[in-house]
Amino acid sequence: MNDCYVAAATGCLKGLSLIDHTFLNLNSVKDLQPKQDEISRMVFGSPDQNQLLYSTASRQIRTFDTSTCRREDLYTVPGTGKINGLYLTPTDQIVTACETGSILVADRKGTELATMNGGPGLLCMNGCGDRIAAGGKDCPVKVFNLEKPEKPTWISKNVPPDELQLAIKIWDKDVRLMPNTETLITGTGTKTLRLYDMRAQRRPVMQLKWMESPINAISLSNQDKQIYAGNTHGELGLFDWRGTRIMLVCKYKGQAGAIRSIYGHPTLPYVASCGIDRFTRIHDSTTRKLVSKVYCKTRLNAVLMRDELSIRKTAKKEQEEIEEEWAQINQKEPKTEADSDGDESDASEAWGAIDEESESGGEDEESDDEEEGDDSEDEGDEEAADEEEESDEEEASPPLKKKRVSARGDAGKAKPAPTKRAEVKEEVGSDDDDDEDDDVQVISPIKAGGKAKGKRRK
Amino acid sequence: MSDDEGGSRMDVKDIPGPSKASKKGGDIALKKGRRISRSNRAENARNIKMKKAAEKRGRQEERKKLREKLGEKAVPKEVPRTIESTREHDVTMVAAEDEEVEHDEEHDEFASYFNRDTTPKVLITMSPYAKVKTWKFCYELQKCIPGADIFSRKNVALKKIVKQAIEKEYTDLLVVHEDMKMPNAMIFCHLPEGPTAYFKINNLTFTKDIKKSGESTDHYPEVILNNFNTRLGHSVARMFACLFPHNPEFKGRRVVTFHNQRDYIFFRHHRYEFKKEGKKAALLELGPRFTLRLKWLQKGTFDTTGGEFEWVLKRHEMETSRRRFFL
């Protein structure tokens, strides 16, 4: 049900459902003390994405299991300063980085495995595989290999001073290592996006100054050589460097406040962003449209999306069910051939026409059908029956009805369908007498519904 | 309804004969000559207006009597269709008892004021080399907000001012910006770590220019915050509330109103007196009269280059609908 998880500045974890545009508080709000419980970073704690691993303002590392809704405190990171980076290695070790620059590698119980010094003023730390990259304010980006943690394998160098010979501040607010390559991207507080190639040189290989505010968050996307970046003014953009320079592909509009965290889905073209304007927005990265917007009542610090999204699920499910229907129709057609008076060629054409009609009007019919009780279903049946009578295709009514029922996605209602099929056949048979009243029935469905009720009582 | 409404004009056309204008007043002018003098025109206009008002009152009385007569069966009063009543539904409207919002507000930057841990101490300053009108505005604000201090800017950077103010334990900083020798904007910074808001000032009138205005007193005023319904509106309203001391002195009968309508915040300052055994309040306007419009709200103290914005008015994205408001 929960597609998306956000962590709030008050310490609240929320699960969002993107279809309903609603959220659910996973932990109780009353017990939270924002000064201690504020969640600074959050990652998925397990491969099945049922566990959330997060760090709090009181330097505690906690996990939350979404299937059992239980919170577990793992350990407290020693030292002082806010935890600015959290990474779970493929070997299930937790790497935390705090403001003072100390990076700690520990296992789930908190036993220290290795420590590294990232430099004071550390603002961000992220990893990929067995490497981590860390950077911050006046803290150049360093890349460490976790197997050899004594010294960084690569340290970046600041760009040359500008035309007025003023030194440009080092202020990396977010850093990402690109998987399977030697490149890394940073978003800086000096409004630039920088691409570094560790094999080539220590200075950035490509740079792009974007808009007028510091870039707060970046995220990888489902495409190669593309990233999302968001700044403190609420602007979210997609950047591409397949050519010789970093270019802005498009912007995703809607955020009114600073974007604190972006999560680009690894396989699907969706990007989730959250910020301090208390909204989480999911955009479709190709069409740039807003897919879902959820008001979360508190300022948000981190966002995660599951691999399986419910928005994609329903579309997929409907497709599968339609295919099942077709298979069943093809099986049934030889049986009903003997009974039908209509032409087969007309049948297939009419079926196509009905298909289009029902798909376009499908939403209306579904909304009608959502009313509980047989009455609405009768009306629906009669409407379906009317449509078929128009085209003299009575055999099609049972499958059409079944299709509508299953498109609702309600397994419970699938059972009554077979029994109703028999009943509708009876109704359909009796409708032959009323062919002259076709037009009347179509125009006044209420009347038709009444008629159906009357037939039922017989 | 009645034919008298277009009276004078019709009469002019109907009059035959020589066109000697009558310059003497009185309603006899309707009969003499084609032209009506200016004074007569004014008087006729006044008469028509009075007649219309009387008719409207008559209709209202009739409706009122009908409603009373029918009692419970009366047709309910029609709600006028205004822009406020047809406002677009806003998800961020704060419900009456929202546990999460209450929890959020208990722990936000203004919590120390609302828990009575700190008393407000306001610092007012303006842009460098401010002109007369800006100083005048600052003096009026000082009269209105008890315990406010004014300092001239002397070209000090705002971030430094913020730092110094925090050291001197000020709780709020108001900076009046100037353009074309008139105050046009206001930066409102809540101090220890609080949000910064930037408002544009429209329609400023000083106390001296208000007709029938009165002199303010030193009593602590009551504060009225109207119509701040959304979450953003709540934050802004709490910011305004933090300016004034906790305990209003009702003896002084002074009230400061921040009324939000369609995202414009109207500031009014009155002295009231209850009449007719408390059923009506007579108001005497004191102090300046101005409207504010929120442009952005930033988390943290003033830092437009590096700070994070909680809300920014983006005109092309947000001002697309006439029925969409944010406060």
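Taken together, the values in this text are just the output of simple stated rules run on the coordinates, not laboratory data. Since the model is a prediction, treat every value here as computed from it, not as a measurement. Cβ placement follows ideal geometry from the backbone for every residue including glycine, while neighbour counts extend to all protein chains displayed.
How many percent of Cα pairs in the range B:110-187 exceed 18 Å? Within the range B:110-187, distances greater than 18 Å cover 42 percent of Cα pairs.
In terms of distances greater than 30 angstrom between alpha carbons, the cross-link table entries A:K14/A:K151; A:K148/A:K173; A:K173/B:K121 yield A:K14/A:K151; A:K173/B:K121. Checking every one of the chymotrypsin sites (Phe, Trp or Tyr not before Pro) in the range B:126-230 against DSSP loop status and a limit of 11 other Cβ atoms within 10 Å picks out B:Y129.
Please work out the FRET efficiency for the pair B:H246 and A:Q331, using the Cβ-Cβ distance as r and a Förster radius of 56 Å; give the result to the nearest 0.05. Write out the running numbers ahead of the final one.
On the way: r = 79 Å, r/R0 = 1.41.
That pair, B:H246 with A:Q331, gives E of 0.10.
The angle separating the long axis of helix B:158-167 from the principal Cα axis of greatest extent in chain B is about 70 degrees. Considering only B:S85, B:S37, B:S235, the mean-square fluctuation computed in a Gaussian network model of chain B, springs between alpha carbons under 10 angstrom, is largest for B:S37. Inter-label distance, A:E324 to A:R312: 2.2 nm, where each label sits 7 Å from its Cα along the C-beta direction. Overall size of the range A:121-210 from C-alpha positions, given as principal axis extents largest first: 43, 24, 20 Å.
Do the alpha carbons of any pairs in B:K56/B:K211; A:K293/A:K313; A:K209/A:K253 sit beyond 22 Å of each other, and which pairs? Checking Cα-Cα distances, B:K56/B:K211 exceed 22 Å. For the range B:237-327, the Kirkwood estimate of the hydrodynamic radius, built from every pair of different alpha carbons, is 16.2 Å.
Using the alpha carbons alone, the radius of gyration of the range A:86-150 stands to its Kirkwood radius in an Rg to Rh ratio of 0.94.
Where the only charges are on Cβ atoms (+1 Lys, Arg; -1 Asp, Glu), what is the dipole of the range A:172-221 about its Cα centre, to the nearest 20 debye? Walk me through the numbers before you get to the answer.
Values: 8 positive and 5 negative charges, 27 e Å.
Dipole magnitude for the range A:172-221 comes out near 140 debye.
Based on every Cα atom in the range B:130-279, Rg and the maximum pairwise Cα distance Dmax equal 16.2, 54 Å.
The label-point distance for A:R70 and B:K280, in a model that sets each label 7 Å from Cα toward Cβ, rounds to 7.0 nm. Label sites at A:D224 and B:D303, each approximated as a point 7 angstrom past Cα along Cα to Cβ, lie 4.0 nm apart.
Considering only the Cα atoms of the range B:171-226, their convex hull presents on average a projected area of 5.9 nm². The Rg/Rh ratio for the range A:1-134, using Cα coordinates for both the radius of gyration and the Kirkwood hydrodynamic radius, is 0.97.
Comparing mean-square fluctuations of B:E62, B:E140, B:E222 from a GNM of chain B with C-alpha springs under 10 Å, the top value falls on B:E62. Compared with the dominant Cα axis of chain B, that is its longest principal axis, helix B:132-144 is turned about 80°. In loop segments of the range B:98-202 as defined by DSSP, the trypsin sites (Lys or Arg not before Pro) with at most 12 further C-beta atoms inside 10 Å of their C-beta are B:R116, B:K154, B:K168, B:K181.
Seen from all directions on average, the range A:160-221 presents a Cα convex hull projection of 4.7 nm².
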